[in-house]
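Every number here is computed from the coordinates shown, using simple stated rules; none is lab data. These figures come from a predicted structure and were not determined experimentally. No Cβ is skipped: glycine too gets one built from the backbone with ideal geometry, and neighbour counts run over all protein chains shown.
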Amino acid sequence: MAPTQFSRTLLRWIKRPPQILYALGFGHLYGRVVLLLTTTGRKSGLPRVTPLQYEEIDGEIHVASALGDRADWFRNIEADPHVEVRVSSHRFSGMAEAVTDRARVADFLEYRLRRHPRMVGAIMRREGLPPHPDRADLERYAERRALVIIHPAPAPAERGE
């Protein structure tokens, strides 16, 4: 198997457990940390489901892309920003805003580091950052990352339907 084919196959297998747990009704176990994001495949036009860690900030969902703008799900959003989100048992539609501005990505990284210092700190140390990165460290790290902000669509009652 070619390296890219191997990595894609590996990613498919990694994505399966959260999808299976959600399908079996155990989304409440994952829902505090992992959501299921459904995008439309930019080439196939088919729905693509990706489990992702997220933060809810001021009623919006923020998701970081460790692969930056190269992640398939991120590229799907750039092609079509309409998304479906499942968090625990809650499902909703939204518009996704792709963000590659390093200052905004660094803001999100600071937020995540404050909320989850051990987990995010471990990820950053693995990437070669110091145990307590300063703003300049985070902005350098953010150059290779991207962020998506999902703006939930108003519920039918809010739209006057």
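The residue that is nearest to Glu78 (Cα to Cα), among those in segment 107-147 that are in contact (Cβ under 8 Å) with a residue 24 or more places away in the chain and touching a Lys or Arg at 6+ places or on another chain (Cβ under 7 Å), is Leu147.
When the strands (runs of 3 or more DSSP E) confined to segment 43-94 are screened for residues that are more than 28 Å from Glu139 (Cα to Cα) and in contact with a Ser or Thr (Cβ under 8 Å, 6 or more places away or on another chain), those reaching at least 3 such residues are found at 47-53, 82-87.
Suppose we filter Ala136, Ala98, Ala122 for residues that are closer than 20 Å to Thr50 by Cα and not polar (S, T, N, Q); which single one remains? Let's see the steps before the verdict.
Details: Ala136 fails: closer than 20 Å to Thr50 by Cα; Ala122 fails: closer than 20 Å to Thr50 by Cα.
Just a single option satisfies the conditions, and that option is Ala98.
The residue of segment 28-55 that is nearest to Pro152 (Cα to Cα), among those that are surrounded by 13 or more Cβ atoms within 10 Å (Cβ to Cβ) and of a type in the set (D, E, K, R), is Glu55.
For segment 75-82, the condition of being within 23 Å of Thr40 (Cβ to Cβ) and buried (at least 20 other Cβ atoms within 10 Å of the Cβ) holds for at least one residue. Inclusion of Leu113 among residues that are buried (at least 16 other Cβ atoms within 10 Å of the Cβ) and outside any loop (DSSP other than H, G, I, E, B) is warranted.
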